[in-house]
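Student: Dropping the structure in here first, questions after.
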Ligand SMILES: [Zn+2]
């Protein structure tokens, strides 16, 4: 640690910002508007955003801090091969618009050329394996990760993938919005093939071939709701059986090419989609398959090429899909690229400058207090048997807690960052990450590894390692106030901690035991009662109209809604033990309990465009910001007490209709 003073940022006030409220709206009418309306009015969505909230504001500020760090590196100059040199070079090359525009499609030409030389189906297999190392997965994906039924070991997994628009619904639904997006996706592909040097006629053919193949893949894909059910995504099998079940496809050759020669078994996460992909490869012409593979390269590279590629990419993924109006500034995009290629190298610099060690101590204390409260709540549950309670306690007691940054940093020595081209650097960074992943195949899982970089404004729970992780990036206002009162912190990061802990016991996480294995440790009766209680949240959220006649998806968002619900309950209980809550002295006109809920709502303060509401409802397993407040709080009895919510208030739910899980 060199410098432990945290920079003051615009949201980093240590008292509650009263101007964020809109007190013309009653708390029981829309608590979201009441608690965050002032913020919403003061922060219209910038043109380059589809959604802009306090989360994004914090991300922007993190980026500004990182830019300053990188700028200093670039100016100082550093030893060739050091992390500082690599980070600085990669950022600078992303900023060099003259070089990028001069190069045009040149950086991807040799890759596209290799694809045109394919002459048989085995060439296609070799190319799909190669492309999946540095670009999005063609046909289906390959990865190495823990075995869900033997969580200490890393195995190979293959899974459904290969569609550019991200979700099957975009290809299959017949509503106007989906049809319009398909039309614009065709336009995007034609434009990009043209930018890559295809004639008009060839670009049209290549786009049509790609859309046909992706639509056939989408038809076979299982739904996003099914993907959340762990047992539907686990099919361990021998490679020999795969070869007879899914033919004609040279599986041995495929595994050799992905770097897993001699593999004997693996998990086929989704069987039918992979089977369909294999049949598509068998049925389609070499030319159509080449078009599809070329699209994967072009689409993955677009953001790293000249402005014609970047603009077309933004027109579709930014403007059409999300409603953004303007491309983000080049320096922000370049920071994203550096974060994605060398996350821990940037993270190491970031925490040295911006993360005070006291923050880690305060967090660990909060985590302990939250765990204690969750333990008490488990004891109090009426619906759970003593037998299952004992196991739930064991699971809670074995949580691995990660705060701030990893104990050991990733070694980037093998990664070359050079002056050749932005895209070539991206390829090398992806290959570096891929090599690291392949190296783990067949080896014990390294539980000290981090799945988010330290500068990330987010947190996670991983069921297979039963771990919760809070990177340094999220340990700032409005989540965490180093010098703030308990109400702010329990309502903010406390709920986030409780949220991540509850993921270990949501509809998905509860199916994994304390070792991280997919195993049924519940009595049948407990599972039945849990499902019954979770159903209350499914129905409640299914009923919410997010835009016109479009409704939230209660099944898809169930895990996150349970986690918000549990997070609020557990953190509120832990907060009640603090001196502040017990003395109940008001501050700025609000009781500590009121401040707890206001702090919670402030996390989700934001504005969102209509197109983005539709997109997020389709692809995001989290509820929209507004509903993380107005959908979650009606189920929290303490909130009714804090704000004196009465039966005539629009948000009021009779007690018997409120969810009660954790
Ligand atoms: Zn979550």
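Student: Looking only at the range 601-617, which residues are under 19 Å from residue 559 (Cβ atoms) and surrounded by 21 or more Cβ atoms within 10 Å (Cβ to Cβ)?
Tutor: So in the range 601-617, the residues under 19 Å from residue 559 (Cβ atoms) come out as 603-604, 616-617.
Passing the criteria: 603, 604.
Student: Still on this model: If you check residue 461 against the conditions, is it within 16 Å of the ligand (Cβ to nearest atom), in contact with a strand residue (DSSP E or B) (Cβ under 8 Å, 6 or more places away or on another chain), at negative phi and assigned to a loop (DSSP other than H, G, I, E, B)?
Tutor: It is false that residue 461 is within 16 Å of the ligand (Cβ to nearest atom), in contact with a strand residue (DSSP E or B) (Cβ under 8 Å, 6 or more places away or on another chain), at negative phi and assigned to a loop (DSSP other than H, G, I, E, B).
Student: Moving on. Tell me which helices (runs of 4 or more DSSP H) are completely within the range 510-597 and hold 1 or more residues being at pLDDT 95 or above, within 16 Å of the ligand (Cβ to nearest atom) and in contact with a strand residue (DSSP E or B) (Cβ under 9 Å, 6 or more places away or on another chain), or say none if there are none.
Tutor: Hits in the range 510-597: 524-542, 558-575.
Student: Cβ-Cβ below 7 Å, separation at least six or inter-chain, first residue in the range 482-499 and closer than 17 Å to residue 577 by Cα and in a helix (DSSP H, G or I), second modelled with pLDDT of 95 or more and within 11 Å of the ligand (Cβ to nearest atom): which pairs?
Tutor: Listed pairs, sorted by first residue: 495/567; 498/566; 498/567.
Student: For residues that are in contact (Cβ under 8 Å) with a residue 60 or more places away in the chain and either surrounded by fewer than 16 Cβ atoms within 10 Å (Cβ to Cβ) or more than 21 Å from residue 145 (Cβ to Cβ) (or both), scanning just the range 253-277, find the one that is nearest to the chain's Cα centre (by Cα).
Tutor: It comes out as 276.
Student: How about the range 325-400: which helices (runs of 4 or more DSSP H) wholly inside it have at least 1 residues that are within 28 Å of the chain's Cα centre (by Cα) and closer than 25 Å to residue 411 by Cα?
Tutor: Passing ranges, in order: 330-341, 343-354, 357-380.
Student: Next question, about the same structure. Restricting attention to the range 189-231, report how many residues are closer than 30 Å to residue 513 by Cα and in contact (Cβ under 8 Å) with a residue 24 or more places away in the chain.
Tutor: The qualifying residues number 10.
Student: Within the range 283-307, which residues are surrounded by fewer than 17 Cβ atoms within 10 Å (Cβ to Cβ) and over 19 Å from residue 163 (Cβ atoms)?
Tutor: 285, 286, 287, 307
Student: Out of the range 603-662, which residues are within 24 Å of residue 573 (Cα to Cα), within 16 Å of the ligand (Cβ to nearest atom) and not in a loop (DSSP other than H, G, I, E, B)?
Tutor: 603, 625, 627, 628, 629
The values are calculated or read from the model by the stated rules, or taken from the named source; none is laboratory data. Every value quoted in this text rests on a predicted model; they were computed, and no experiment measured them. Please note: Cβ atoms are built from the backbone with ideal geometry, for glycine as well, and neighbour counts cover all protein chains shown.
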